[in-house]
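Here's the structure we're looking at; comments come further down.
The values are calculated or read from the model by the stated rules, or taken from the named source; none is laboratory data. On a predicted model such as this, the values are computed, not experimentally measured, just so you know. With ideal geometry, Cβ positions are generated from the backbone for all residues, glycine too; neighbour counts draw on all protein chains shown.
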Amino acid sequence: MDGLVVTDADRRRYARRHRAGRIALYAVAVVSALAAAGPFVWAAITTFKQDRDLYRRRNNPFVFNETPTNDHIDLLFNRTGFATFAWNTLWVGVLVVLITLALSLPAAYSLARLDRPWGGRMGIAIFFVYLVPPTLLFLSLSRLVVALGLQDSTWSLVVIYPTITVPVSVWLLIGFLKTIPKDIEEQAMVDGYSRLGAMLRVVAPLLFPGLVAVVVFAFTLTASEFIYALAFISPSAEKVISTGVPTELVRGDVFFWQSLQASAVLVAVPIALVFNLFLDRFIAGFTQGAVKG
Amino acid sequence: MSAPAHLARRRLSDRDGVLAWLFLSPAVVYILALVGLPFVLAIAFSLSDVTGGDPSFDWVGLQNFERIFADPVFWRSLRNTFVFTAVSMLLIVVFGKVLANVLIADFKGRWLVRFLVLLPWTTPVALSTITWLWMLDSVFSPIDWVLRTAGLIQTNMFWLGVPNLAMASVIAVHVWRLVPLAAVIMMAGLLSIPRDVQEQALVDGAGYWRRMFEITIPLTAPVIAISALFGAIFTFTDMTVVYVLTRGGPTNETQVLASWAFFRGIEGSDIGQGAAIALFLFPLLLAAAIAILRAVRRMEIG
């Protein structure tokens, strides 16, 4: 605007445009929130409905035509393995995250920091590992799982899931490490730290957002995985949420709809809450990983 | 005692080459054992007559491939896989972009909107798909109820029973689930654009669409391409939505390669054929990935 005179008409035009922009923003925000969360709202309503209310075509499905009931939540907790499935999902997830960090952090450090001539090619090779999909591997992996004596045990998932999470994590961490200036580390080594000392004391704290991104990503991938869990494990007590809930609450043609819906909401809300706490760090980690990797 | 230990440490830290391999080898060994070996095994299975009932390995050459190529369901699944991936990706990129723009803006209630919008992605896909299964129920679907009450339809839609509607439903659920992830990745891209570039353009009088097409989209193109790549791989090889929602039905109208490989290989116990179908995915994935990575590199140089 240098050298131009701003008239009142200009100002009004900008104000109008600004207001229109805000209205559009709120409209899109509300529509997206409804589209994304709508099924969960519907699930929450369904959870507390009595059968008589649920299975009558003429009833308005969005209101309670009969008194709400807790029976179906009671069924979920007291007469199915829901708590066991949730617990299995949690500890498998935590172990997978730990294994992922233990394997991918040194690997990423090696590729990003210790300039080897093969570093770049190795980085791309690891990225391509991500292209090998579970649907291609589950047949031979289920053979391997049997050979290891891990069939029908949750431990098979602990062993196999890092194959999905490690390549992504290495790739994210390489990008992130590249943004931390090398001088910081060299200075620490001049000051008397060993390389390992410099890595732990100086680099690791700066890497924290990247680590958060990896933890969140690895955990959500693990909790959501379906194919391996379905192919490797059949006894109920060893199942995770993804496979346990459908098999216990769908018996032949009979769907226990209210309890199924309850389980979706009960799992969705806590994970989403935790995820939101870390969202900004996750995005920071991803920016560095994706753009500069 | 302390002097030699100190010396040894010095020597190790001086030798980056050894250290590099030491750090890298656990991940490499792990990947070779649990991705490389099964991958080779998958190729071997596809050339064998291994079944669930008869695990002995007999070489049959390309017989499995001949049999799947002769099977109309395979071609149906292949076509469906492409339709499913192409349509989903287009919608995911467009909606993801819109959503990313909303989520980085500053407004009241942003935290709540973020929380609600991310729910589809943070929920294990099997559970959220079951919620959809109930929403699309042939008799009690609330969507049908609304349409009926509004007088738009007379009888129910039978979302999962009519071929085109079933495909549309599968795509809708898949898009619904992946848009949040795409939005988060694109937010990262948007936030990485230097602020002064945007501000300068604003000062120079560039309008919203002009800024969008001449600054935002070119600068975020690599990130959009990468999220598209991730999403395409995810979509191309995913079968959970199909498995839970339609089991490939009605009469294989929504079958994709991944689900067909699962039904053949695990539930039908024909491991050789299942492996051959699954293996068919790989060259297609490789070509797509190389194309996209090349495009990204060219953009970064240009």
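The residue that is nearest to the other protein chains (Cβ to nearest Cβ), counting only those in the range B:221-239 that are in a helix (DSSP H, G or I), in contact with a Pro (Cβ under 9 Å, 6 or more places away or on another chain) and surrounded by 22 or more Cβ atoms within 10 Å (Cβ to Cβ), is B:237.
Quick one: is residue B:3 crowded, with 19+ Cβ neighbours inside 10 Å and at pLDDT below 85?
no
Scanning the range B:132-145 for residues that are surrounded by fewer than 24 Cβ atoms within 10 Å (Cβ to Cβ) and within 9 Å of another protein chain (Cβ to nearest Cβ) yields B:133, B:134, B:135, B:137, B:139, B:140, B:141, B:142, B:145.
Quick grid of which residues meet (1) at pLDDT below 85; (2) under 30 Å from residue A:105 (Cα atoms):
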{"site": "B:12", "(1), (2)": "yes, yes"}
{"site": "B:15", "(1), (2)": "yes, yes"}
{"site": "B:23", "(1), (2)": "no, yes"}
{"site": "B:39", "(1), (2)": "no, yes"}
{"site": "B:42", "(1), (2)": "no, yes"}
{"site": "B:98", "(1), (2)": "no, no"}
{"site": "B:104", "(1), (2)": "no, yes"}
{"site": "B:108", "(1), (2)": "no, no"}
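For the range B:149-167, the tally of residues that are within 28 Å of the chain's Cα centre (by Cα) and either of a type in the set (Val, Ile, Thr) or assigned to a helix (DSSP H, G or I) (or both) stands at 6. Among the numbered conditions (1) more than 25 Å from residue B:258 (Cβ to Cβ); (2) among the hydrophobic types (A, V, I, L, M, F, W, C); (3) buried (at least 24 other Cβ atoms within 10 Å of the Cβ), the only one that residue A:122 does not meet is (3).
Restricting attention to the range B:53-70, the residues that are under 23 Å from residue A:132 (Cα atoms) and in contact (Cβ under 8 Å) with a residue 24 or more places away in the chain total 3. Using the structure shown, decide if residue B:49 is out of contact with any Leu (no Cβ under 7 Å at 6 or more places or on another chain) and free of Cβ contacts under 8 Å to residues at least 40 places away in the same chain. Answer is no for this residue. The one condition from (1) under 13 Å from residue A:143 (Cβ atoms); (2) touching a residue at least 40 places away in the same chain (Cβ under 8 Å); (3) within 29 Å of the chain's Cα centre (by Cα) that residue B:34 does not meet is (2). Entry remark, the range A:236-250: residues being in contact with a Leu (Cβ under 9 Å, 6 or more places away or on another chain), crowded, with 23+ Cβ neighbours inside 10 Å and not in a helix (DSSP H, G or I) number 1 in total.
Inclusion of residue A:83 among residues that are touching a Phe, Trp or Tyr at 6+ places or on another chain (Cβ under 7 Å) and modelled with pLDDT of 90 or more is warranted.
Being at pLDDT 90 or above, at the interface with chain B (Cβ under 8 Å from one of its Cβ atoms) and within 17 Å of the chain's Cα centre (by Cα) is a description that applies to residue A:267.
The conditions of being more than 8 Å from chain A (Cβ to nearest Cβ) and touching a Gly at 6+ places or on another chain (Cβ under 7 Å) are not met by residue B:29. Under the condition of being free of Cβ contacts under 8 Å to residues at least 40 places away in the same chain and facing another protein chain (nearest Cβ under 7 Å), the residues counted in the range B:98-110 number 4. Of all residues in the range A:30-77, those satisfying the criterion of being within 13 Å of another protein chain (Cβ to nearest Cβ), assigned to a loop (DSSP other than H, G, I, E, B) and crowded, with 17+ Cβ neighbours inside 10 Å are A:49, A:59, A:61. Which of the residues spanning the range A:251-281 are closer than 12 Å to residue B:130 by Cβ and part of a loop (DSSP other than H, G, I, E, B)? Correct list: A:256 only. Scanning the range B:48-79 for residues that are acidic (Asp, Glu) and in contact with a helix residue (DSSP H, G or I) (Cβ under 6 Å, 6 or more places away or on another chain) yields a count of 1. Of the set (1) modelled with pLDDT under 85; (2) out of contact with any strand residue (DSSP E or B) (no Cβ under 8 Å at 6 or more places or on another chain); (3) loosely packed, with under 14 Cβ neighbours inside 10 Å, all apply to residue B:59 but (2).
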